[in-house]
Amino acid sequence: MPQSRLIKPLLDQEYPMISHGKGIYLYDQNGKRYIDGSSGAVTASIGHGVDEIIEAMNEQAKKVAFVYRSQFTSEPAEQLADTLCRLSDGHLPWTFFVNSGTEATETAMKMAIQHWQEQGRGTKTKILSRWMSYHGITVGALSMSGHPLRRMRFVPLLEEYPSISPPYCYRCPHKSSYPSCQLACASELERVIKRIGAQYIAAFIAEPIVGAAGGALTPPDGYYEKIQEICEKHDVLFIMDEVMTGNGRTGTHFGYQHWNVKPDIVTLGKGLSAGYSPIAATLASQKVIDPILSGTKVVMSGHTFSGNPLSAAVSMAVLSYLERHKLVDQVEEKGKRLKQKLKRLQGETSMIGDIRGKGLLIGVELVQNTLTKQPFERHLNVMSRLVEKAQRNGLLIYPAAAGEDGIDGDAVILSPPFIISDDEMDELFNLFSLSIKELEHELKG
Ligand code: PLP
């Protein structure tokens with residue numbers, strides 16, 4: 001019998017064996033403690049081992065863990081949809097539950113296409129997106145993504161969806177600066193729509209703040225307002241992929257609430273259950289669903305585990321926990337504190353080019369030369385080395401792509417759980433600072 005092997009991200013690498021987690025800390029089986037400075041994959045927003053969530057999970061599992069969505073609805077799923085509608089101030093009354101962020105964006109894509117089909121406008125099938133974006137790993141979701149490394153091997157299978165430049169002010173794609181740029185990166189959307197023809201375009205999708213594909217790229221004021229205006233003018237639906245930014249990560253329940261916009265479709269994942277059980281969602285405005293409601297009445301998507309009562313109850317408990325402890329209200333202040341510390345560190349080292357993001361979604365771009373913004377040479381593997389060094393020092397951080405085209409740069413994301421205390425934040429910062437300084441020393445040596 002051949003020995004069975006778990007396929008891990010790197011097949012030939014040893015990974016520490018997790019033992020347990022409590023609060024912002026994770027412990028491996030050798031007793032080593034790690035600060036979860038990235039909430040895993042920007043997911044564990046209320047920290048680990050929260051008793052209330054485990055109790056809610058237990059209670060629901062005892063009642064019923066699974067029902068098929070074509071046969072039953074459940075109280076937890078209905079309550080969760082109600083809560084999400086309330087958190088969107090009633091703007092997103094319709095919820096479709098799925099199991100991962102990828103499924104949520106793929107459902108958003110299908111919902112947008114179906115919205116137009118039901119009105120006899122079946123040629124509107126293309127989804128526009130931005131270069132340097134990540135919307136998921138399946139063929140549909142990857143077609144909408146501008147993450148070169150993740151696309152690379154599957155390009156022949158992907159739909160040829162056009163993309164526009166990201167709002168990357170540190171490396172402005174138009175070699176300009178805000179506000180004199182007049183938001184040229186947003187204006188690109190109109191040019192692409194006109195070139196392709198609005199009759200072929202179903203929607204435009206964007207992450208409010210670009211996560212893995214850009215290291216917390218945050219648009220300047222007015223960017224999304226302009227995007228929405230262009231979408232409305234050309235009958236193109238506006239999808240906000242809030243898988244990473246949703247559920248309070250940036251200091252508001254939805255990232256879009258930082259701006260004066262109302263996207264037609266919004267996706268959630270990661271923080272929706274804070275990692276306690278797989279669940280994600282695609283939320284839609286009345287306008288999106290109306291033609292389906294007066295047409296076939298079926299949103300053509302769905303998975304066996306969609307909206308299972310166990311995950312829905314867990315997610316409901318997480319959202320209640322966030323509200324009861326007013327955690328989202330604290331995110332902005334905590335993020336500011338960490339950013340201030342990082343700004344000081346920028347003055348003490350020579351490799352931090354940019355610090356960006358909102359709330360507790362903070363990107364740090366690493367460069368070889370802070371004056372010219374020249375990235376490190378690829379073979380130096382700076383981002384991976386920093387992530388590894390930090391982990392060795394007991395701090396988990398999240399790797400991100402950066403640089404022109406999202407290929408040649410290095411960035412990391414700091415996104416600790418919202419429950420982090422001031423002392424814990426100091427500890428996180430000190431370990432990050434130590435790791436950066438060690439790497440800088442090594443690179444100079
Ligand atoms: N959308 C965004 C913005 C993400 O950050 C991710 C994951 O990182 C996804 C979609 C895909 O989510 P999942 O990994 O849960 O499929």
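The distance separating the Cα centre of the range 207-224 from that of the range 78-101 comes to 23 Å. Of all lysines in the structure, those lying under 23 Å Cα to Cα from LYS358, and not within fewer than 8 positions of it along the same chain, are LYS226, LYS262, LYS270, LYS326, LYS334, LYS336, LYS339, LYS341, LYS343, LYS373.
Loop-located GluC sites (Glu not before Pro) in the range 12-67 (DSSP state other than H, G, I, E, B) with a sparse environment of at most 11 neighbouring Cβ atoms within 10 Å: GLU14. Sites listed here are GluC sites (Glu not before Pro) in the range 110-184 whose DSSP assignment is loop and whose Cβ has at most 12 other Cβ atoms within 10 Å: GLU160. Taking amide H as placed 1.01 Å from N in the peptide plane, the amide H of VAL98 sits under 5 Å from that of ALA280, ALA281, THR282, GLY307, each at least 5 places away or on another chain. Note on the range 218-340: Cα-only Rg and Dmax are 16.5, 53 Å. 3J(HN,Hα) along the range 242-249: 9, 4, 8, 8, x, 6, x, 4 Hz, from the Karplus curve 6.51 cos²θ - 1.76 cosθ + 1.60 with θ = phi - 60°, whole Hz, x for Gly and Pro.
Neighbours of LYS126, meaning other residues whose beta-carbon lies under 9 angstrom from its beta-carbon, give a summed charge of -1 when Lys and Arg score +1 and Asp and Glu score -1. Across the range 370-380, computed HN-Hα scalar couplings (Karplus, 6.51 cos²θ - 1.76 cosθ + 1.60, θ = phi - 60°) run 6, 7, 8, 6, 5, x, 6, 5, 3, 5, 6 Hz from first to last residue, x flagging Gly and Pro.
Where only DSSP H runs of four or more residues are counted, the chain gives -11000 deg cm²/dmol as its mean residue ellipticity at 222 nm, each run worth -39500 (n - 2.57).
Give the residue from VAL64, SER45, GLN79 lying farthest towards the positive end of the charge dipole for the range 40-81; charges sit on Cβ (+1 for Lys and Arg, -1 for Asp and Glu) and the dipole is referred to the Cα centre. So the residue furthest toward the plus end is VAL64. The distance from the alpha carbon centre of the range 2-49 to that of the range 330-391 is 23 Å, rounded to a whole number.
Here the contact order of the chain, divided by its residue count and restricted to Cα pairs under 8 Å and six or more residues apart, works out to 22 percent. Over all directions, the projected convex hull of the C-alpha atoms in the range 157-220 averages 5.3 nm² in area.
Taking every C-alpha pair closer than 8 Å and separated by at least 6 residues, the mean separation divided by the residue count of the range 303-366 gives a relative contact order of 25 percent.
Sparse packing (at most 15 other Cβ atoms within 10 Å of the Cβ) combined with a DSSP loop state is found for none of the trypsin sites (Lys or Arg not before Pro) in the range 55-93.
In a reduced charge model with +1 at each Lys and Arg Cβ and -1 at each Asp and Glu Cβ, the chain shows a dipole moment near 660 debye about its Cα centre. The phi-based Karplus calculation (6.51 cos²θ - 1.76 cosθ + 1.60; θ = phi - 60°) puts the 3J(HN,Hα) values of the range 291-303 at x, 6, 5, 8, x, 6, 6, 10, 7, 6, 7, x, 9 Hz, whole numbers, x for Gly and Pro. Largest GNM mean-square fluctuation among ALA65, ALA390, ALA402, using the chain with Cα springs under 10 Å: ALA65. Taking every alpha-carbon pair in the range 53-324 and binning the separations at 5 Å intervals from zero gives 1, 6, 13, 17, 19, 17, 12, 8, 4, 2, 1, 0 percent.
Taking amide H atoms as placed 1.01 Å from N in the peptide plane, the amide H of ILE352 lies under 5 Å from those of VAL367, each 5 or more residues away in sequence or on another chain. Using R0 = 35 Å, the C-beta based FRET efficiency linking GLN13 and VAL139 works out to 0.80. Using C-alpha pairs below 8 Å separated by at least 6 residues, the relative contact order for the range 1-120 is 11 percent.
Computed from point charges on the beta carbon alone (+1 for Lys and Arg, -1 for Asp and Glu), the dipole magnitude for the range 275-345 about its Cα centre is near 620 Debye. Length gained on full extension, GLU55 to SER177, computed as 0.36 nm times the residue gap minus the Cα-Cα distance: 38.8 nm.
Every number here is computed from the coordinates shown, using simple stated rules; none is lab data. Everything numeric here is computed off the predicted structure, so don't read it as measured data. Reconstructed Cβ throughout: ideal geometry from the backbone, glycine too, with neighbour counts over all protein chains shown.
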